[in-house]
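Just so it is clear, none of the values below were taken in a lab; they were calculated from the coordinates. Note that the coordinates shown come from a computational prediction; the quantities given were computed from them, not determined experimentally. Heads up, the Cβs are rebuilt from the backbone with ideal geometry, glycines too, and the neighbour counts pull from every protein chain shown.
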Ligand code: LER
Ligand code: MN
């Protein structure tokens, strides 16, 4: 299991649960003739350097989109190569936060734009050898979209985008969220049953198990991880209060024992609030991974 840390590139998510918000750090990288040109690149470089210095194995990026300005892929590939960091995953939630798009919207045109937005990120991430995440972009039921219709929309989108990710040799991560963020799937085992029943064999969709959401929704997060087994594709490493692991009261030895039992070999990616400061949250996150996980 490898330690990853989240870097947010989306100004509208400045108060979101990400350890590093690149805009805060962009000013720390001098603009040089040969160095990073844009504010996004400068912020990325500063945050990736911190991640490497602190001992993380990888970063998880939350970009404003999949296009070259929002997600400077060639720059990122060189930067990660120089720093010896991996790319754990790339989030797609900016489609919701910035544009109000989601996969279960009553308007077919908006659903299509949501798929296109995610597809661009699946491709950009896939070209860098990383998976994309569908979390907030799953949406929820609403007027004119009952549960059956919403789940049809979700299954169709996961099938299509999962096949797209598979073309890059990548899985697609689907993230159940707590009840305040979606009414589709709040619990991992229900999502696992849905994926097993509804997706075609071509789509390699795996669960993203965010330990913060699981502390709210699961009776026994460790037992849930064991029940989901090889469907567990990615983990958001967060404590009960969405602070760095160790700053809350979750039973992490039990969770880590469960991950070991199912042979999980992916990332433990710190998606937490930058509290009390980004650096302290980052340091606590990497130290907690090292303390709990004998690699
Ligand atoms: C949202 O609460 C979350 O956990 C993110 O990973 C979703 O994109
Ligand atoms: Mn999450």
- Message: Cut-off is 10 Å between beta-carbons; in what order do 110, 118 appear when sorted fewest neighbours first?
- Response: 110, 118
- Which FRET efficiency value, to the nearest 0.05, do you get for residue 196 and residue 39 by plugging their Cβ-Cβ distance into 1/(1 + (r/R0)^6) with R0 = 45 Å? 0.55
- Message: Once the convex hull of the alpha carbons of the stretch 146-295 is built, what does its volume come to per residue, in cubic angstrom?
- Response: 117 Å³
- Message: Taking 0.36 nm per residue of sequence separation and subtracting the Cα-Cα distance, how much length would be gained by fully extending the chain between residue 261 and residue 143, in nm to one decimal?
- Response: 38.2 nm
- Unit-weight point scatterers at every alpha-carbon of the stretch 61-209, Debye formula, q = 0.09, 0.10, 0.19 1/Å: log10 I(q)/I(0) is -0.26, -0.32, -1.12
- For the stretch 2-292, average projected area of the Cα convex hull in nm²: 13.8 nm²
- Would you list 288, 38, 269 from fewest to most Cβ contacts within 10 Å? 38, 288, 269
- From the Cα centre of the stretch 100-146 to that of the stretch 218-295, the distance in Å is 26 Å
- Message: Could you list 141, 6, 277 so that the one with the fewest beta carbons within 10 Å of its beta carbon is first and the one with the most is last?
- Response: 277, 141, 6
- Query: Using 1/(1 + (r/R0)^6) with R0 = 35 angstrom and r between the beta carbons of residue 275 and residue 227, what's the FRET efficiency to the nearest 0.05?
  - Reply: 0.65
- Can you give the translational diffusion coefficient of the stretch 37-121 in µm²/s, computed by Stokes-Einstein from the Kirkwood radius over Cα pairs at 37 °C and 0.692 mPa s? 236 µm²/s
